[in-house]
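Novice: Mind looking over this structure? Questions follow.
The values are calculated or read from the model by the stated rules, or taken from the named source; none is laboratory data. Just so you know, these numbers come straight off a predicted model, no measurement behind them. Here the Cβ positions follow ideal geometry from the backbone for every residue, glycine too, while neighbour counts run over all protein chains shown. The area values use the complete protein model at the heavy-atom level, side chains included, leaving out ligands, DNA and RNA. Shrake-Rupley method; radii C 1.70, N 1.55, O 1.52, S 1.80 Å.
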Amino acid sequence: LVPYLWMALSYLLLVWYHYQQESEDFVLLAWGVLLVGALVFLHQTLSTRENHRLYNDLQREFEEHKRTTAELRENEARSRALSDLTTDYIYSARVFPDGKMKLEWASDAFQSIVGFTPAELEARGGWSTIVYPDDKNVFAHRSEAMRLGKAEVNEYRIFNKEGQIRWLRDYGRGELDKEGVLFRILGAAKDITDSKRTEQDLADSESR
């Protein structure tokens with residue numbers, strides 16, 4: 001609105017000058033005010049076109065953002081579905097220089113199987129504290145493979161929060177930094193307790 005304000009001031013100046021000065025000077029001033037008005041109109045026209053262009057660009061960016069967001073949600077849903085088909089939960093654990101590990105994140109099924117939240121598990125002293133005593137050697141072998149940046153698949157038992165024994169098939173891979181030091185473990189685990197019980201029942205039946 002500022003350009004229109006200047007036009008109004010120019011018009012008031014023109015009216016005032018009409019009653020103060022000679023007519024010849026008034027005609028010259030009138031043409032000057034007309035020129036100012038034409039320039040203001042041109043400026044506003046160009047500004048309107050530019051605003052329209054920017055608005056269209058913004059609309060296109062907004063539509064692109066919506067499309068990208070929808071694709072991300074679809075990919076996330078697809079990844080979650082594939083995870084549910086192949087594993088019960090996926091996880092990422094950070095490994096510190098002193099060897100301690102902290103669970104960074106895990107999918108929803110983690111707590112339903114283990115019973116502990118990541119914070120509760122950390123307060124207990126970490127994942128190794130819930131590994132079944134007879135399977136400590138399996139877990140130690142797994143930890144060594146992770147330290148070397150290898151991929152490993154292990155089956156071992158844990159105690160969940162209710163004290164029940166659960167069998168896990170744990171797929172893991174260690175990530176090393178530039179110095180070759182382990183700093184993260186990525187993995188996916190599946191609860192195979194029912195399968196193990198079925199195997200044991202078959203073994204007991206054959207023995208009998």
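Novice: How much FRET efficiency would the formula 1/(1 + (r/R0)^6) give for F183 and K136, where r is the Cβ-Cβ distance and R0 is 30 Å, rounded to 0.05?
Specialist: Between F183 and K136 the formula returns 0.80.
Novice: Cα convex hull of region 58-172: mean projected area in nm², to one decimal?
Specialist: Its average projected convex-hull area is 9.6 nm².
Novice: From the P(r) of region 153-196, can you give the percent of Cα pairs sitting at distances over 13 Å?
Specialist: 62 percent
Novice: Same structure, new question: Of R147, R73, R60, which is the most mobile in a GNM of the chain whose springs link Cα atoms less than 10 angstrom apart?
Specialist: Most flexible of the set in this elastic network: R60.
Novice: Summing -39500 (n - 2.57) over the DSSP H runs of n ≥ 4 in the chain and dividing by its residue number, what mean residue ellipticity at 222 nm do you reach, to the nearest 500 deg cm²/dmol?
Specialist: Mean residue ellipticity, 222 nm, calculated: -20000 deg cm²/dmol.
Novice: Okay, next question. Quick one: angle between helix 23-86 and the longest Cα principal axis of the chain, in degrees between 0 and 90, rounded to 10, please.
Specialist: 10 degrees
Novice: Angle, helix 136-147 long axis vs. longest principal axis of the chain, Cα atoms, 0 to 90°, nearest 10?
Specialist: 40 degrees
Novice: Using amide H atoms built 1.01 Å from N in the peptide plane, name the residues 5+ places from Y156, or on other chains, whose amide H lies under 5 Å from its own.
Specialist: The answer is L168, D170.
Novice: To the nearest 20 debye, what is the magnitude of the charge dipole of region 84-208 about its Cα centre, counting +1 on the Cβ of each Lys and Arg and -1 on the Cβ of each Asp and Glu?
Specialist: The calculated dipole for region 84-208 is roughly 340 debye.
Novice: Within 10 Å, at most 13 other Cβ atoms, and a DSSP state outside H, G, I, E, B define an exposed site. Report the longest part of the chain free of exposed GluC sites (Glu not before Pro).
Specialist: Counting only loop sites that pass the neighbour cut-off, the longest clear stretch is 23-161.
Novice: Once both labels are modelled 7 Å past Cα along the beta-carbon direction, what's the S47-A77 spacing in nm?
Specialist: A separation of 4.6 nm, rounded to one decimal place.
Novice: Further, regarding this structure: Assuming R0 = 22 Å, can you tell me the calculated FRET efficiency for the pair L148 and E122, based on Cβ-Cβ distance, to the nearest 0.05?
Specialist: Computed FRET efficiency for L148 and E122 comes out at 0.35.
Novice: Tell me, rounded to the nearest percent, the portion of alpha carbon pairs in region 31-75 spaced more than 11 Å apart.
Specialist: Result for the distance tail: 71 percent.
Novice: Taking the convex hull of the alpha carbon atoms in the chain, what volume per residue do you get, in Å³?
Specialist: 231 Å³
Novice: Run the numbers on the chain and let me know its relative contact order in percent, using alpha-carbon pairs under 8 Å that are six or more apart.
Specialist: 15 percent
Novice: Can I ask one more? Kindly report the accessible area of region 76-189 per residue (heavy atoms of protein chains, probe 1.4 Å, no ligands, DNA or RNA), in Å².
Specialist: It amounts to 58 Å² per residue over region 76-189.
Novice: Using a 1.4 Å probe over the heavy atoms of the protein chains, calculate the carbon and sulfur portion of the accessible area of the chain as a whole percent.
Specialist: 58 percent
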